[in-house]
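For reference, the structure discussed in these notes is given below.
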Amino acid sequence: MFVAILGRLPKLSIAELEAMFGKSHVRAVSRSTAVVDTDNLSIDSLGGSLKCGKIIHTLPADGHPTLEQTSHWITRTYVHQLLAVGGKITLGISAYGFSISPRQLQSIGLLLKTSMKKHNVSLRLIPNTTTELSTATSHNNKLGLSPKKRELFIIKTDDSAILIAESNGAQNITAYARRDRNRPRRDAFVGMLPPKLAQIMVNLAVGNAAKATILDPFCGTGTVLQEALLKGYDVCGSDLSQKMIDYTTENLTWLQSKYHITGTVHSLEQADAMTHQWPKAQQLNAVVCETYLGQPFSAPPSPKKLHEVTGNCNHIITNFLRNIHSQLTPGTTLCIAVPAWRDASHNLTHLPLIKDLKKLGYILQQPPLIYSRSDQVVVREILLLKTA
């Protein structure tokens, strides 16, 4: 049994876990954590979770467990474990769901450090400025990646049980940055789809399938195709702009030179998604894409401008969905990012087509998921669809 520390958008994190492991195997136990019933959980396979770890002990809710009891269990258990490891140990501790100070949490580590010192074993304790070590701190200290570098999660669940888990890694923010910023071609004008969101969308579309062929009809600079290839999937891409096809070609060539890629790039072609006939459409397992998001805004647009841009985006995406529907086999999954617009009161204006998905021949698999930051006007709305 494993626990996942959810990202800043918990609903999206949970949806990804459910797609990967099945809804019956995923249970949210607090706003920031979920238990996953699986034999193995690798943080590298997930875009929406910050850390994950194996549950090693549970203090049941009916015993009214306390942080003091948790501290005693950790000290008793880990003195013997760490002595067996030997050498200098690095330890971090993160607490989730508790109303305690970083100093209270740090005292658990200090108690363990004092006990280790009596046996002449050095323990370096990562200092807590908050009760949750940041992803960057955990990643930069390589916590959870070896017996000598550990992180413990102490989790208070919504029903007041306490879970103790040992990390097996934090999100590799260095690798994400490398895949994003070190690519030969980037273009802020056409949007900057984050690699971790592309990874989430691929996971939502195909789960943990061993093999798949994925099409991105709005491929831009190739971020979705990149993340699909890294998972070993075959890909096809198209874009209205030949410049973007050239950029994608260059980026995927770079990817193949830097990483061990087992997937195949079947085709990259300049094409209008509203009219194009994709030759391999019948062989696709999924369509994953960020569609046309319209122009960027640094402030909420006027009602007239909002009506104009909403109508334009709705026209393009509706025609794309109509066009590709007849080319796909029934039951094909589409995970698409479409725009929504946030006003000054943080209310969202959605595309009208969302209410017409059934008429277009699609079944919405779950409520739309929002991916955004609080200061964004144009936000991404993630739709998970199947062809009827």
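Laid out as a table, the results:
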item	result
Placed amide H near residue 238: partners under 5 Å, 5+ positions off or other chain	216, 218, 219, 269
Principal axis box of segment 58-97, alpha-carbon based, largest edge first, Å	38, 19, 14
Prolate/oblate/rounded call for segment 286-340, Cα gyration tensor, a/c under 1.5 rounded	prolate
Average accessible surface area per residue within the chain, 1.4 Å rolling probe, Å²	46 Å²
Segment 43-166: Lys pairs at Cα distance under 17 angstrom, eight or more positions apart or on different chains	16
Chymotrypsin sites (Phe, Trp or Tyr not before Pro) restricted to segment 34-137 and DSSP loop, no more than 16 other C-beta within 10 Å	98
Lysines whose Cα lies under 19 Å from that of residue 280, excluding same-chain neighbours fewer than 8 positions away	211, 386
Overall Cα dimensions of segment 242-388, principal axis frame, Å, largest first	47, 36, 26
Under 17 Å from the Cα of residue 305 - aspartates and glutamates, other chains or at least 8 residues apart	343
Residue with peak Gaussian network fluctuation, the chain [Cα springs, cutoff 10 Å], from 135, 310, 114	114
Cβ charges +1 (Lys, Arg) and -1 (Asp, Glu), total dipole of segment 299-388, debye	160 debye
Cβ charges +1 (Lys, Arg) and -1 (Asp, Glu), total dipole of segment 147-274, debye	680 debye
Relative contact order (%) - criterion: Cα under 8 Å, at least six apart; region: segment 1-105	27 percent
The chain, relative contact order in percent, only Cα pairs under 8 angstrom and at least six apart counted	13 percent
Segment 190-333, relative contact order in percent, only Cα pairs under 8 angstrom and at least six apart counted	26 percent
5 angstrom amide H check on residue 144, placed H, neighbours 5+ away	149, 150, 151
Compactness index (Cα Rg / 2.2 N^0.38 Å), segment 91-228	1.40
Residue 158 accessible area, assembled protein chains, probe 1.4 Å, Å²	120 Å²
Using distinct alpha-carbon pairs, which all enter the 1/r mean, Kirkwood radius of segment 159-266 in Å	14.9 Å
Candidates 306, 105, 91, ranked by Gaussian network fluctuation over the chain, Cα under 10 Å, top entry	306
Debye, to nearest 20: dipole size of the chain, +1 on Lys, Arg Cβ, -1 on Asp, Glu Cβ	1080 debye
Cα-based reach from residue 23 at 18 Å (exclusive), listing aspartates and glutamates while leaving out same-chain residues under 8 positions away	37, 39
Cα lying deepest toward the dipole's positive end in the chain, options 136, 14, 337, charges on Cβ	136
Kirkwood hydrodynamic radius of segment 296-371, from inverse mean 1/r over distinct Cα pairs, in Å	13.9 Å
Cα centroid separation, segment 1-67 to segment 91-159 (Å)	19 Å
Peptides ranked, highest mean first, by Cβ atoms within 10 Å: ranges 173-183, 284-294, 48-58, 196-206	196-206, 284-294, 48-58, 173-183
Antiparallel DSSP beta bridges within the chain, percent to nearest 5	60 percent
Listed residue (74, 91, 101) projecting farthest to the positive dipole end of segment 1-112, Cβ model	101
Of all accessible heavy-atom area on the chain, the percent that carbon and sulfur account for (1.4 Å)	51 percent
Candidate values [x] 26, 50, 22, 2; [y] 25, 54, 20, 1; [z] 31, 59, 10, 0, label of the one derived for P(r) over Cα pairs in 20 Å bins from 0, in percent	[x]
Two-decimal Rg/Rh across segment 327-388, once Rg and the Kirkwood Rh are taken from alpha-carbon atoms	1.04
Globularity index of segment 1-83, i.e. its alpha-carbon radius of gyration over 2.2 N^0.38 Å	1.23
Extreme residue, positive dipole direction of segment 273-377, given options 362, 320, 285 (C-beta unit charges)	362
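The values are calculated or read from the model by the stated rules, or taken from the named source; none is laboratory data. Note that this is a predicted model, so its numbers are computed, not measured. Every residue, glycine as well, gets a Cβ built from its backbone with ideal geometry; the counts of neighbours run over all protein chains shown. Areas reflect the complete protein model, heavy atoms only, side chains present, ligands, DNA and RNA absent. Shrake-Rupley method; radii C 1.70, N 1.55, O 1.52, S 1.80 Å.
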